[in-house]
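I have placed the structure first, in the form of structure tokens, so that the comments after it can refer back to it.
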Amino acid sequence: MTQQLFSLAGKKALVTGASRGIGQVIAVAFAQAGADVAVAARGADGLAATARQVRDLGREAAEIPADLTTPEKAAAVVTEAIGVLGHVDIVVNNAGGSNFVVPFLDMRLSGWEKVLRLNLDATMWICQAAGAHMTARGSGSVINVASVAGIAAAPFLAPYGAAKAAVVSLTKTLACEWGPTGVRVNALCPGWTATELNRVLWDSPDGGKSTIANVPMGRWGKAEEMAGPAVFLASDASSFMTGQVLVIDGGLTAMA
Ligand SMILES: NC(=O)c1ccc[n+]([C@@H]2O[C@H](COP(=O)([O-])OP(=O)(O)OC[C@H]3O[C@@H](n4cnc5c(N)ncnc54)[C@H](OP(=O)(O)O)[C@@H]3O)[C@@H](O)[C@H]2O)c1
């Protein structure tokens, strides 16, 4: 019974930003739970590695190399995923990040636009393209990967925090618009998780200890620790849950 609740057998998923890190972990976890998975990102080698792991689990994988920062490309990724897999039941908008930190007053407009484009616009474009398909089918689960930076202050990361806060808002709005159709929309908010995104912080002389000084669990999260929450949100285990924010942060935001 419990195993069935978390099963994704027969489901078809699209995971963006699945060439490494949290997206790769989620794509493989979905395959372990029984789903076929389309994976999208720019890096073909990383995508191939993810797809290989999915296929090794006996599931179908579709590799879709794409830069998601234009509306045409984002929509094309959804079209290709549906074309290869037949349809899509689960969409994870995970591609994201910021490769700079800067005090707000020194921030250039180009930096703001770049971060908003990847973290908010790409999610919005994928939601539009996939949402049309999923609402017409009358079922599905969308998981938007936001961040604790979107639910609390994000000093020196203003565009990233603003983009992730907007992703949370979009998540709640789409959950309400699409509720009657059977399509659920939730946000997954990681806290400090050791990936390539923040290697400069945890791969440092102090081992990243200063960054996680306020984390009650006293350690960095691992990308693997996002697998369970993502499978939960994708599966029937969360069948009456929509418009919610699932925070996986070792207790960081509980301290606020
Ligand atoms: N790690 C953390 O502490 C943390 C905390 C909170 C939230 N998050 C969020 O979790 C998500 C995954 O982050 P991560 O830590 O796994 O980071 P990561 O290791 O840097 O992975 C980011 C993924 O996004 C893809 N990506 C980046 N730019 C892209 C673009 N223009 N088009 C398509 N794909 C693109 C990357 O692939 P390519 O480079 O191959 O394109 C990669 O697969 C992000 O949304 C991030 O904001 C992370």
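Can you report the principal axis dimensions of the range 2-248 using only the alpha carbons, biggest first, rounded to whole angstrom?
For the range 2-248, the Cα extents along the three principal axes come out at 46, 35, 33 Å.
Run the accessible area of the range 194-256 with a 1.4 Å probe and give the carbon-and-sulfur part as a rounded percent.
Summing carbon and sulfur atoms, their accessible area is 60 percent of the total for the range 194-256.
Could you identify which residue out of 14, 201, 170 has the top mean-square fluctuation in a GNM of the chain using Cα springs shorter than 10 Å?
Evaluated over the chain, the most mobile residue of the options is 201.
Is there a quick way to get the dipole size of the chain? I mean about its Cα centre, with the Cβ of Lys and Arg at +1 and of Asp and Glu at -1; what is the value in debye to the nearest 20?
It works out to roughly 140 debye.
Top mean-square fluctuation among 127, 189, 176, Gaussian network model of the chain, C-alpha springs under 10 Å?
Greatest mean-square fluctuation among the candidates belongs to 176.
Which net charge results for the neighbourhood of residue 7, defined as the other residues with beta-carbon distances under 15 angstrom from its beta-carbon, given Lys and Arg at +1 and Asp and Glu at -1?
After counting each charged neighbour, the total is 0.
For the range 112-136 and the range 54-93, compute the distance between their C-alpha centroids and round to whole Å.
When both Cα centres are located, 14 Å separates them.
How big is the charge dipole of the range 174-226 about its Cα centre, in debye rounded to the nearest 20, if each Lys and Arg gets +1 on its Cβ and each Asp and Glu gets -1 on its Cβ?
Result for the range 174-226 is approximately 100 debye, rounded to the nearest 20.
Which Cα, out of 17, 68, 2, lies furthest along the positive dipole direction of the range 1-122 (beta carbon charges, K/R +1, D/E -1)?
2
Can you give the helix-only mean residue ellipticity at 222 nm for the chain, where every DSSP H stretch with n ≥ 4 adds -39500 (n - 2.57) and the sum goes over all residues, rounded to the nearest 500 deg cm²/dmol?
Mean residue ellipticity at 222 nm (helix-derived): -12000 deg cm²/dmol.
Taking only the alpha carbons of the range 1-145, what extent do you get along each of the three principal axes, in Å, biggest first?
54, 32, 29
Comparing 179, 43, 207, which has the greatest mean-square fluctuation in the GNM of the chain with Cα pairs linked when under 10 Å apart?
The residue with the greatest mean-square fluctuation here is 207.
Restricting to Cα pairs below 8 Å that are 6+ residues apart, what does the relative contact order work out to for the chain? Please round to a whole percent.
Across the chain, relative contact order equals 19 percent.
What whole-number value in Å² describes the accessible area per residue of the range 140-252 for a 1.4 Å probe?
Result: 44 Å² per residue.
With helices defined as uninterrupted DSSP H runs, which ones in the chain have an alpha carbon span along their own long axis of at least 20 Å and mean Kyte-Doolittle hydropathy of at least 0.0?
71-85, 122-137, 158-178
Go through 221, 185, 251 and say which Cα lies farthest out towards the positive end of the charge dipole of the chain; charges sit on Cβ, +1 for Lys and Arg, -1 for Asp and Glu.
Farthest towards the positive pole: 251.
The values are calculated or read from the model by the stated rules, or taken from the named source; none is laboratory data. Note that this is a predicted model, so its numbers are computed, not measured. Quick reminder, even Gly has a Cβ in these numbers, built from the backbone with ideal geometry, and neighbours come from all protein chains shown. Only protein heavy atoms, including side chains, enter the accessible area calculation; ligands, DNA and RNA are left aside. Shrake-Rupley method; radii C 1.70, N 1.55, O 1.52, S 1.80 Å.
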